[in-house]
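The values are calculated or read from the model by the stated rules, or taken from the named source; none is laboratory data. Please read these numbers as outputs of a predicted model, since none were measured by experiment. Here the Cβ is made from the backbone with ideal geometry for all residues, glycine too, and neighbour counts use every protein chain on show.
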Amino acid sequence: MSLPQLTSPEFVTKVPSTGKEITYRPFLVREEKILLMALEGGDEKEISKAITNILTSCILSDVKIDELATFDVEFLFLKLRGKSVGEVIELKLAHSDPDSKCKHRTEVEINLDEINVVGDISDGKIQLNDELGIKLRYAGINDVDKIDSKSTEQIYDLVVQCVDYIYDTENVYEDFTKKEMSDWLEQLSTAQFQKITNFFESSPKLSHTIEWTCPECGEKDTIVLEGMQSFFM
């Protein structure tokens with residue numbers, strides 16, 4: 001006799017960058033095992049790959065994970081983790097001042113449902129002058145995985161990867177090679193290129209502010225957690 005089939009509950013949330021409503025289910029033991037193995041290995045690219053695979057399996061709507069912004073992926077995985085393991089997580093926080101004499105780590109509970117993406121979401125269109133503009137997209141998890149360091153060259157490469165098209169008053173230019181785009185960007189003025197880098201620097205992010213009072217010394221403290229990994233440190 002075959003064993004009974006188990007059914008999973010379904011939940012609904014919205015993709016932050018698009019507002020699109022999606023349906024998802026909690027991850028299962030076999031999927032959690034993949035994540036835990038990646039976490040044990042400590043390789044960031046393997047962790048990203050595991051998260052991408054789990055989201056692909058658990059999101060029931062038609063969504064391409066590798067086309068989502070990084071903050072979308074982080075938000076959706078946090079939602080998924082909450083419904084799979086529990087919405088409340090416990091962190092042990094040290095004082096934000098590294099020179100503090102008190103070394104006590106305070107236990108603080110966070111409800112994952114209260115964590116949101118912070119920042120204005122842009123359409124990615126940047127006007128470089130009166131006639132010329134560029135359309136950018138936010139970096140996705142695959143784009144970030146290609147960056148091994150924050151060197152000027154690699155950040156420049158990231159910009160090239162995230163250009164959708166160039167436009168002027170008459171045409172849209174979207175048929176180009178990476179080499180052609182790289183050469184084109186090098187012709188911009190410093191002020192024009194700064195507009196482009198500002199787009200990425202001001203990108204929305206998963207963020208949550210925690211305020212607590214240390215039970216050891218009585219001092220009040222505040223910390224801002226940003227990015228998915230901050231919530232599981």
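Observations
- Every residue from region 10-60 that is outside any helix (DSSP H, G or I) and touching a residue at least 60 places away in the same chain (Cβ under 8 Å): Phe11, Thr13, Val15, Pro16, Ser17
- Residues satisfying the criterion are present in region 179-186 (criterion: surrounded by 15 or more Cβ atoms within 10 Å (Cβ to Cβ) and among the aromatic types (Phe, Trp, Tyr)).
- Strands (runs of 3 or more DSSP E) lying entirely in region 161-233 (those with 2 or more residues that are in the same structural domain as Leu91 (by TED's automatic domain parsing) and farther than 17 Å from Tyr138 by Cα): 205-213, 220-226
- The test for being over 13 Å from the mean Cα position of the chain (by Cα) and either at pLDDT 90 or above or among the hydrophobic types (A, V, I, L, M, F, W, C) (or both) does not hold for Ser8.
- Annotation note: Cβ proximity below 6 Å between a residue of region 155-182 that is touching a residue at least 12 places away in the same chain (Cβ under 8 Å) and a residue that is of a type in the set (Lys, Arg) (sequence gap 6+ or interchain) occurs for Val160/Lys178; Cys162/Arg137; Asp164/Lys135; Asp164/Arg137; Tyr165/Lys135.
- Conditions (1) of a type in the set (A, V, I, L, M, F, W, C); (2) more than 17 Å from Trp212 (Cβ to Cβ); (3) in contact with a Lys or Arg (Cβ under 8 Å, 6 or more places away or on another chain); number of the one not met by Leu80: (3)
- Residue check, Asp157 outside any strand (DSSP E or B) and assigned by TED's automatic domain parsing to the domain that holds Glu67: no
- Unique match (being under 20 Å from the mean Cα position of the chain (by Cα), not polar (S, T, N, Q) and not in a helix (DSSP H, G or I)) among Asp120, Asp143, Asp130, Asp113: Asp120
- Residue count for region 91-115 under the criterion of being under 17 Å from Gly227 (Cβ atoms) and surrounded by 14 or more Cβ atoms within 10 Å (Cβ to Cβ): the result is 5.
- Criterion: β-branched (Val, Ile, Thr), touching a residue at least 60 places away in the same chain (Cβ under 8 Å), under 24 Å from Leu206 (Cα atoms) and in contact with a His (Cβ under 9 Å, 6 or more places away or on another chain) - qualifying residue of Ile141, Ile110: Ile110
- Residue in region 158-178 that is under 19 Å from the mean Cα position of the chain (by Cα) and modelled with pLDDT under 90 present: yes
- From Val63, Val85, Val29, residue being modelled with pLDDT of 90 or more and either surrounded by 15 or more Cβ atoms within 10 Å (Cβ to Cβ) or over 28 Å from Asp164 (Cβ atoms) (or both): Val63
- Considering only residues in region 77-107 that are out of contact with any Ser or Thr (no Cβ under 6 Å at 6 or more places or on another chain), part of a helix (DSSP H, G or I) and of a type in the set (D, E, K, R), the one that is nearest to Phe200 (Cα to Cα) turns out to be Arg81.
- Asp123 meets the conditions (1) more than 27 Å from Glu216 (Cβ to Cβ); (2) among the acidic types (Asp, Glu); (3) touching a strand residue (DSSP E or B) at 6+ places or on another chain (Cβ under 7 Å) in every case but one. The failed one is (3).
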